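Asker: Could you have a look at this structure, given as structure tokens, before my questions?
The values are calculated or read from the model by the stated rules, or taken from the named source; none is laboratory data. Note that the structure is predicted; figures quoted are calculated from it, not measured. When we count neighbours, we look across all protein chains shown, and the Cβ atoms used for this are built from the backbone with ideal geometry, even at glycine. Note: accessible area is taken over every heavy atom of the protein model, side chains too, but ligands, DNA and RNA are not part of it. Shrake-Rupley method; radii C 1.70, N 1.55, O 1.52, S 1.80 Å.
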Amino acid sequence: RSTSPGPTRRRAASPGARRRAASPAPKKKKPAAARATKAAQTETEFEFGGPLGALATMISLPLVVVGLAAACGGTYCLGPSPLGAFRIDVDALVSLDALVVVCGWLAFQALLQIALPGPRAQGVVLPDGSRLTYVLNGHAAFWVSVAAVAAAHHRQLVDLAALHDAFVPLAVAACGVSVALSAALYAASFRASDPILAKPGTTGVGVYDFFMGRELNPRLGPIDLKCFCELRPGLFGWAALNAAALCKQVAVRGAASPAMVLVNVFQLWYVWDALYFERAILTTMDITTDGFGFMLAFGDLAWVPFTYSLQARFLALHDPDLPVWALAAAALLHVAGYVIFRGANSQKDRFRRDPDAAVAAGATFLPTKRGTKLLTSGFWGAARKVNYTGDWLMSLSWCLLCGFRSPIPYFYCTYFLVLLVHRALRDDHACAEKYGADWPKYKKKVPSLFVPGVF
């Protein structure tokens, strides 16, 4: 498994050494236990800089979320405003009302998950040979959520412009809820019922396992917590915060700018796409491999809604009023990115569901010794992660709609580039272990990673 720059990677000890470490001498239990712990730790290749990197990440991410929220809100925004004028109102960071809103939003989404109808799908085969069943009602939940937010604002039950004003305390509350959920998940993973654990989160190093997540698929009644958090409260919350920014701009300027409308439409479209193709998430690394710990809980509930919405937050009070040609160029870039992103993912999905039909339609593939097939035509003959390329082009188009007055809106596409490169490297390492000698053959057939003939 690949790691971030400066990783701590440790190879496993020999089988004989591990057996000796696991068999303590009768009169020296402590040294033997220490050797067993050390042997267990060497079986894992740490990611994200190892335990110290995980700890640093858990400390820094909430600070980044809150700092970005405060760096472009109200009358201050980094870029148009001088850096020396930056201030954080510490007294306004924590709000009971904000905590109630965040918890209420989670409860509302959980209710939709339980109550709405939807088709059932089987997940991948788990380490114990079983398969979990998922109710795919995310698309219905999307439309109910959109209608509920719109109706609440129209009937003045909720003031979305005020929601925009409470962005910072809402971010703080989401960070707190994410940490609390991570702690509950970690504690629950030690329960006596012996849940299925995720390999990346069972190193025996507490801080690292807390970050990666110990349990693979924790469930609370009918709700698969990891799958639920991955798609529902954070993505819908992102769209709701965008709508709040639009309402704030209307309250200040009297109308929504073209850039604000495009950001809302494009990002709502992106959220809709994720929920319409909800089934595809069941085969992603997040669901099949990673445990549910701080990394995913914080990412889903705090990072996504409060950093992905920075473009709309910037435009609410600092819209650059771009010319028509600039708006058109950004819109075309978004459409091009979506065509690549959706085209590649749909092609892969069709091939997975019915490879024979895909081959009959002209698809080519590389057979592997595992019995599976690696697609080598169409989008996937152009580059091994061409879907990531399309995804990033969309993120860039949203940032460009903000002009160049502030670096804050560009945090998203910059971070997203790092994320996608890191995920591609993780996946490359996992596939090298999974497919063995067939993986270099596949990379020879499809040498490009992101951009055909360039990278």
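Asker: For Arg1, only one of the following conditions fails: (1) open to solvent by less than 90 Å² (accessible area, probe 1.4 Å); (2) at pLDDT 85 or above; (3) among the basic types (Lys, Arg). What is its number?
Answerer: Here Arg1 clears every test but (2).
Asker: Going by what's in this entry, would Gln347 be described as within 21 Å of Leu282 (Cα to Cα), among the polar types (S, T, N, Q) and in contact with a Phe, Trp or Tyr (Cβ under 7 Å, 6 or more places away or on another chain)?
Answerer: Answer is yes for this residue.
Asker: State yes or no: is Gly104 out of contact with any strand residue (DSSP E or B) (no Cβ under 9 Å at 6 or more places or on another chain), modelled with pLDDT of 95 or more, surrounded by fewer than 17 Cβ atoms within 10 Å (Cβ to Cβ) and not hydrophobic (A, V, I, L, M, F, W, C)?
Answerer: Yes: the conditions hold for Gly104.
Asker: I'd like the residue in region 397-426 that is within 17 Å of the chain's Cα centre (by Cα), open to solvent by 40 Å² or more (accessible area, probe 1.4 Å) and touching a residue at least 60 places away in the same chain (Cβ under 8 Å) and, out of all such residues, is nearest to Met295 (Cα to Cα). Show your work before the answer.
Answerer: Going through region 397-426, the residues within 17 Å of the chain's Cα centre (by Cα) turn out to be 411-426.
With the extra rule that they be open to solvent by 40 Å² or more (accessible area, probe 1.4 Å), the set shrinks to 411, 414-415, 417-419, 421, 423, 425.
Okay, now just the ones that are also touching a residue at least 60 places away in the same chain (Cβ under 8 Å), so 411, 415, 423, 425.
On the way: Phe411: 19, Tyr415: 15, Arg423: 14, Leu425: 18 Å.
Here the answer is Arg423.
Asker: If I go through region 264-288 residue by residue, how many of them are open to solvent by 10 Å² or more (accessible area, probe 1.4 Å), touching a helix residue (DSSP H, G or I) at 6+ places or on another chain (Cβ under 7 Å) and among the polar types (S, T, N, Q)?
Answerer: 1
Asker: Just one of the numbered conditions (1) touching a residue at least 12 places away in the same chain (Cβ under 8 Å); (2) not in a helix (DSSP H, G or I) is not true of Pro305; which one?
Answerer: (2)
Asker: Quick one: would you say Asp194 is at positive phi, charged (D, E, K, R) and out of contact with any strand residue (DSSP E or B) (no Cβ under 9 Å at 6 or more places or on another chain)?
Answerer: Considered against the rule, which asks whether it is at positive phi, charged (D, E, K, R) and out of contact with any strand residue (DSSP E or B) (no Cβ under 9 Å at 6 or more places or on another chain), Asp194 comes out as yes.
Asker: Considering each residue of region 438-455, count those that are modelled with pLDDT of 90 or more and not in a helix (DSSP H, G or I), and give that number. Please lay out each step first, then the result.
Answerer: Step one: of region 438-455, the residues modelled with pLDDT of 90 or more are 438-451.
Still in the list and also not in a helix (DSSP H, G or I): 446-451.
The total comes to 6.
Asker: Looking at region 334-365, which of the residues that are surrounded by fewer than 18 Cβ atoms within 10 Å (Cβ to Cβ) and among the aliphatic types (A, V, I, L, M) is nearest to Ala437 (Cα to Cα)?
Answerer: That would be Val359.
Asker: Sticking with this structure for a sec: If I go through region 210-263 residue by residue, how many of them are assigned to a strand (DSSP E or B), open to solvent by less than 20 Å² (accessible area, probe 1.4 Å) and touching a helix residue (DSSP H, G or I) at 6+ places or on another chain (Cβ under 8 Å)?
Answerer: 2
Asker: Looking at region 268-290 only, could you name the residues that are part of a helix (DSSP H, G or I) and over 15 Å from the mean Cα position of the chain (by Cα)?
Answerer: Of everything in region 268-290, those that are part of a helix (DSSP H, G or I) and over 15 Å from the mean Cα position of the chain (by Cα) turn out to be Leu268, Trp269, Trp272, Tyr276, Arg279.
Asker: Follow-up. Which of the helices (runs of 4 or more DSSP H) contained wholly in region 123-188 include at least 3 residues that are open to solvent by 50 Å² or more (accessible area, probe 1.4 Å) and touching a Lys or Arg at 6+ places or on another chain (Cβ under 6 Å)?
Answerer: Of the helices (runs of 4 or more DSSP H) lying wholly inside region 123-188, none has at least 3 residues that are open to solvent by 50 Å² or more (accessible area, probe 1.4 Å) and touching a Lys or Arg at 6+ places or on another chain (Cβ under 6 Å).
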